[in-house]
Amino acid sequence: MKKLTGAILASALSLSVALTGCSQRSDSGSVTQESVKPAENAATTATAANGPKKRITVYSATADKPVQEVYRQIANDYIKENPNVEVDLQFPGSEYENIMKVKMAANDMPDIFDTHGWAVIRYGTYLADLKDQPWVPQLTDTIKDVVTDKSGKVHALVLSEAKDGLTYNADLLKKYNIDVPKTFDELMAAAEKLKSESKGEVTPFYFSGIDDWMIGQFFDYFATSLLISPKQNEAQALLDNKMDWNKWNQLPEKFLEMYKKGFMNKDVLTAKYSDLSGLFAQGKVAFTLLGPSFADEVHKVNPNLKIGFMPVPSMVAGDEPNFSGGERLTMGASKDSKNLEEAKKLVAYFAKPDNMAKFANVTKLPPGLKGVTAKHEFTEYYDKYASIRVFPYFDRVYLPNGMWDVLCKSGSALLGGQITPQQYSDKMKQEVERLRKK
């Protein structure tokens, strides 16, 4: 297990936002948000008029500021109704997964945490069973089995379901007379046209080496298109650990080709995810390999920009596009929480239809519960592509725990000239075999 330095952990935890019922602005009476240091949190027990407060720590993997703000709004509302509770929201960003690994090893989990796709497989033994909660009967048909194990244990509330494809600047595609690509070859042709006809003003794709999950996303998406989605596929071979990893070569070869042809930002290794919204809003980026949850940030800069959403193009002749899906944002409760019942109440509060709708509207994703009405500009795309197949994320089904980091880091090393496509494939084979033996 990768060890996290104290400096990184302290940096991540410094993003904590503590929300307290008694911290109000005198001019409005609204709850203010106050950043506090972990040491101060640990050393101080807030008190209400009726005694000590119950402090509930909530960790989320989201890096999107508008989504974080929805968490804050709902938590603020909850503590107004429950002044004996303090909610500590923490958003560690790109270090989320590493911090969770450290906490699992120390058996020191937050009261509530985001399972980010691993509710059953990775976090199952750390989570309380929520099957008796009032919102469970409303779990959607597409997500219920994802967060429920064979014994019937329900591991988490799914705030938003993932239905991931490519988000694109619809105005740019219209300007350059480009149809929405259905195949990888069509996607590359669109990239060439955008680059050449804009004389380099438009960068077809944006990736970040700092937030290298964006690079990992390419390999996770297109691994499904190459190896799983086609009728003749490698699904069983992967499950049986009999995959010929030379077949992986095509993915790093194509990714490196995109880089060499100038189809992605030149500063990819030092670029940050946080810069994407501004560049996209200015019409300098055409495609992103992620869902449209950053749309609100784009529209703050350019309210009139038309943003589109599409499935992941196919890579094999005769195949069709697909979506990658599963859990996106979730709330699971630690079985060892000292305030488990209060944690369950907070999760149930987030599960209220109005609150679920807030997440659907800000993430631009389908809610994990039935009976939630969402109204946002991407509803038309979900309706348009309702019949498109949705596959579970490639790494969550076909790779052992720990391989996501390999996807991301190897992709960055490939662009940095440290490894070749063949060495990337060799690394995949080596790490899959090593991790399966654990």
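For G278, state whether it is over 17 Å from the mean Cα position of the chain (by Cα) and on the phi > 0 side of the Ramachandran plot. Before you say what the answer is, go through the steps one by one.
Details: over 17 Å from the mean Cα position of the chain (by Cα): yes; on the phi > 0 side of the Ramachandran plot: no.
No; evaluated as a whole, the condition is false for this residue.
On inspection, D395 qualifies as closer than 25 Å to L157 by Cα and surrounded by 18 or more Cβ atoms within 10 Å (Cβ to Cβ).
Do the conditions hold for V406, that is, is it β-branched (V, I, T) and closer than 30 Å to E257 by Cβ? Show your work before the answer.
On the way: β-branched (V, I, T): yes; closer than 30 Å to E257 by Cβ: yes.
Taking the combined requirement at face value, the residue satisfies it.
Among residues that are within 26 Å of D164 (Cα to Cα), assigned to a helix (DSSP H, G or I) and of a type outside the set (V, I, T), S412 is included.
Screening segment 108-197 for helices (runs of 4 or more DSSP H) wholly inside it with 1 or more residues that are more than 24 Å from H299 (Cα to Cα) and in contact (Cβ under 8 Å) with a residue 40 or more places away in the chain returns the ranges 144-147, 184-197.
Here E380 passes the criteria (1) part of a helix (DSSP H, G or I); (2) outside the structural domain of E95 (by TED's automatic domain parsing); (3) not polar (S, T, N, Q) except the one numbered (2).
The condition of being crowded, with 21+ Cβ neighbours inside 10 Å, in contact with a Phe, Trp or Tyr (Cβ under 8 Å, 6 or more places away or on another chain) and modelled with pLDDT of 95 or more holds for A286. If you check S208, S229, S198, which single one turns out to be in contact with an Asp or Glu (Cβ under 7 Å, 6 or more places away or on another chain) and among the small types (G, A, S)? From the options S208, S229, S198, the qualifying one is S229. Checked across segment 338-347, the condition of being closer than 22 Å to M214 by Cβ and of a type outside the set (S, T, N, Q) holds for no residue. Would you check which residues across segment 347-391 are in contact (Cβ under 8 Å) with a residue 24 or more places away in the chain, among the basic types (K, R) and more than 16 Å from V67 (Cα to Cα) and list them? Once the filter is applied, which keeps residues that are in contact (Cβ under 8 Å) with a residue 24 or more places away in the chain, among the basic types (K, R) and more than 16 Å from V67 (Cα to Cα), segment 347-391 yields K370, R389. Can you tell me which residues in segment 213-226 are out of contact with any Asp or Glu (no Cβ under 9 Å at 6 or more places or on another chain) and under 16 Å from Y424 (Cα atoms)? Passing the criteria: I215, F218, F222. Would it be correct to say that V87 is crowded, with 21+ Cβ neighbours inside 10 Å and assigned to a strand (DSSP E or B)? Considered against the rule, which asks whether it is crowded, with 21+ Cβ neighbours inside 10 Å and assigned to a strand (DSSP E or B), V87 comes out as yes.
With respect to the conditions (1) closer than 25 Å to S196 by Cα; (2) outside any strand (DSSP E or B); (3) of a type in the set (A, V, I, L, M), A286 falls short on a single one, namely (2).
Table: residues versus (1) surrounded by 22 or more Cβ atoms within 10 Å (Cβ to Cβ); (2) at pLDDT 90 or above; (3) farther than 19 Å from K163 by Cβ.
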| site | (1), (2), (3) |
| --- | --- |
| G332 | yes, yes, yes |
| K335 | no, yes, yes |
| V347 | yes, yes, yes |
| K364 | yes, no, no |
| L369 | yes, yes, no |
| T379 | no, no, no |
| A386 | no, no, no |
| P400 | no, yes, yes |
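What are the residues in segment 65-84 that are surrounded by fewer than 21 Cβ atoms within 10 Å (Cβ to Cβ) and within 15 Å of the chain's Cα centre (by Cα), if any? K65, P66, Q68 - these are the residues of segment 65-84 that are surrounded by fewer than 21 Cβ atoms within 10 Å (Cβ to Cβ) and within 15 Å of the chain's Cα centre (by Cα).
Conditions (1) polar (S, T, N, Q); (2) over 29 Å from N265 (Cα atoms); (3) assigned to a helix (DSSP H, G or I), marked per residue:
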position	(1), (2), (3)
L305	no, no, no
R328	no, no, no
V347	no, yes, yes
F359	no, yes, yes
L365	no, no, no
T373	yes, yes, no
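The values are calculated or read from the model by the stated rules, or taken from the named source; none is laboratory data. Quick caveat: nothing in here was measured; it's all calculated off a predicted structure. Here Cβ is always computed from backbone atoms with ideal geometry, including for glycine, and neighbour counts include all displayed protein chains.
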